[in-house]
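For reference, the structure is listed below as structure tokens.
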Amino acid sequence: MRLAMSMLSALLLAVVANGCSDSIGPGSIVGLWVEDSSPAGNSLDMSLALNGSAISGQGSWCGEALGCGLTTVTGSVTENRIHLVTTFDSGEIQTFDGTLTSQNSLAGSVVGGSPGGQIQLPHAQSFHRGGDPPRTQ
């Protein structure tokens, strides 16, 4: 009886400890992410999936004077560190390196450019977990 109670207590403690865990790990990247602080008329969102440490996904973008379009995303995750390469249907490619700062926040820096064009200087970029993805126009 004591052995059964001890095992039950240990199991209950493990379940409670796991349920209270607020850890940020690779699986936290899965879902819809929306760029923070986009200038008016601009937006970027991406829906990300995870297979092992490989990230893949799709998204959409809008630029005030540029219209809207689609993106593909590839990358990798190690613990809470994220590396993403976003390819826009306009030809631009952005590389993002950042950190999952919480289950709902992703912050880092991005460098972008077009093939054969000038490379932008790195600048801060952050995302928050989103709801339904915006529709492309």
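The values are calculated or read from the model by the stated rules, or taken from the named source; none is laboratory data. Quantities reported herein were computed from a predicted structural model and do not represent experimental measurements. Don't worry about glycine lacking a Cβ; one is built from the backbone with ideal geometry, like all the others, and counts go over all protein chains shown. With ligands, DNA and RNA removed, areas are computed over all heavy atoms of the protein, side chains included. Shrake-Rupley method; radii C 1.70, N 1.55, O 1.52, S 1.80 Å.
With a Förster radius of 22 Å applied to the C-beta separation of residue 58 and residue 93, the computed FRET efficiency comes to 0.90. The phi torsions of segment 47-60, fed into the Karplus equation with coefficients 6.51, -1.76 and 1.60 and a -60° offset, translate into couplings of 9, 10, 10, 10, 10, x, 9, 8, 9, 9, x, 9, x, 9 Hz, rounded to whole numbers, with Gly and Pro shown as x. In this structure the amide hydrogen of residue 48, modeled in the peptide plane, comes within under 5 Å of the amide hydrogens of 31, 32, 33, none closer than 5 places in sequence on its chain.
Surface analysis of segment 45-119 yields an accessible area of 50 Å² per residue, using protein heavy atoms and a 1.4 Å probe. Note on residue 70 and residue 23: with the Förster distance fixed at 30 Å, the Cβ-Cβ geometry gives a FRET efficiency of about 0.35.
Evaluate the Debye formula for segment 54-135 with equal point scatterers sitting on the alpha carbons, no solvent, and hand back log10 of I(q)/I(0) at q = 0.19, 0.26 Å⁻¹, in q order, two decimals. Result of the Debye calculation: -0.93, -1.49.
Each of 35, 79 has its accessible area taken with a 1.4 Å probe; listed largest first, they run 79, 35. By accessible area, using a 1.4 Å probe on protein heavy atoms only, segment 53-137 has 52% of its surface on carbon and sulfur.
Coupling constants for segment 103-111 follow from the phi torsions by the Karplus curve (6.51 cos²θ - 1.76 cosθ + 1.60, θ = phi - 60°), and in residue order they are 4, 10, 9, 9, 9, x, 9, 10, 10 Hz; glycine and proline get x.
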